[in-house]
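Just below is one structure, and these are the notes that go with it.
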Amino acid sequence: MKIKKIRWCVAGLVVAMVMSSCSKSTDSGSSKNQEVIEEKQPEENKEESVAETKNSYFFDASQEKYTYTVNAFLEEDVDEVDLKVEQVASYDEGDVYTINIQYDDCPGRYYYDVTDRFNLGFFYVTDSKIIMIREQEDVPTEDEFISEGIVVCDSEDSTINNDGEEVAITNEDGTCRCRIYNILTESGFYSTFIWTEGKGLTCFRSGYGAEGKPIELVLQEYRDIKSVNLIDVYDFDDDSSLENGMHTLVTDEASEKEFLSYFFTESSQYEIIEEAGAEVFVGTAEDKNVFVSLVSDGKSEYPKEAYGFKYSPDDAIKEAKYNPYQEGGEVLVGIKSIDDKEYEYIDEIKPLLDYQEKEYIRENGKLLKVEYSSDSEEYGTYNSSGTLYYDSNERPFYKSYYVTSGSKYMFYLYDEKGKLTQIYDFGGMAYKGLEENPDIEIGVDFKTYIFE
């Protein structure tokens, strides 16, 4: 726990001792927060220990500086910045902090040349809420927080119109999102605070409509990406080993059931994901993880390209590391190798690349797929063309793409919170045919990336 020393005067000490014996009162007259909290006025020449942060959605009180990955920072070319979190006052029901971006002055820092965008504001942290006041030099009193502050973190969802500025708070699975934006003009200023329980502010965004002069910072905390590559595991002299990676074309329900029987013996061993004309079976069997995909051409139910793989988690090795607080497909932004360098294979697992020519195909306004291609002479034949399909939440689900050894597939799977958890990359030319059924190929190239 961090101890902060505050000097109190001798006379103040006597007053404080008398006041401490008095009962505390609560005033319920505030319209913004249903409770009014008694303010403890700071006094000089008295030493006091400051308690740990009361709210689990705020930062750990023992740490003052946090490093953030930069997704956008005005027009600056910078990979990371620090945020300084400093306690500046303490009241009966909570503490007041400032949060400041630590970066040299640069163009775009000031909103209308007045408001400092590097100063996120004063934050009054109570048991149940985080209340913010911006554009003020002196530490706000508690009454000012209650009457003038903006609640930016609360356990209850809400949407409030504050003189043309809308404040929307939503909660889901330990994450509280607060979006503040000007509803009077499309080019108005906006800011977003994402608070994660046990971590504090894990993402901050601000800017103008149409992404003018954006700032987007994500708390830097890396976790491992592990991978399993069956090419490194196969015993090419042993068909039973090669049968861990199989491919065929199923033409009817009977051949589909036969193919699935190589991987599962009962339906309780897997769960099914059906999106964008593809079926994915994910589960475990015989102490191995199993992934099976069935993809039709979209014109009829059959035939289907069928791939199936079995792999052991014990074969997983550390491949890279990622920031779990990046959202959606952005989790692939800023992936690093295990030695903190740029991950050299990032382009191989991204759904789309900047240099590709793309045609976006929508239906009733919803993104269904993207057909893409690139100049093979300039960028090579690997992934030189393909189609990326999206799920019902408009997230990348899978893509089929071209390589010199044939067509390959890449699937992206997410957890119930929408976080990317695993990537499967497979296909190309198989090693040989299955002896008892040559229509089934074995020894298929397969690699999976596991986001821990």
Greater than 27 Å apart at Cα, pairs in K54/K341; K288/K358; K257/K310: K54/K341; K288/K358
Peptides ranked, highest mean first, by Cβ atoms within 10 Å: ranges 152-163, 357-368: 152-163, 357-368
222 nm mean residue ellipticity, helices alone, for the chain (DSSP H n ≥ 4; -39,500 (n - 2.57); rounded to 500): -2000 deg cm²/dmol
Three-way shape call for the stretch 219-377 based on the alpha-carbon gyration tensor, with the a/c threshold at 1.5: oblate
Nearest-ten-degree value, helix 10-20 long axis tilted from longest Cα axis of the chain: 70 degrees
The chain, relative contact order in percent, only Cα pairs under 8 angstrom and at least six apart counted: 10 percent
D_trans [Stokes-Einstein, Kirkwood Rh over alpha-carbon pairs] for the stretch 52-219, 4 °C, 1.567 mPa s, µm² s⁻¹: 80 µm²/s
Residue pairs, from the table K84/K321; K419/K447; K321/K350, whose Cα atoms sit over 22 Å apart: K84/K321
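Every number in this text was worked out from the coordinates using simple rules, so none of it is lab data. Here the structure is a predicted model, which means the values were calculated and not measured. Cβ atoms come from the backbone with ideal geometry, glycine included; neighbour counts cover every protein chain shown.
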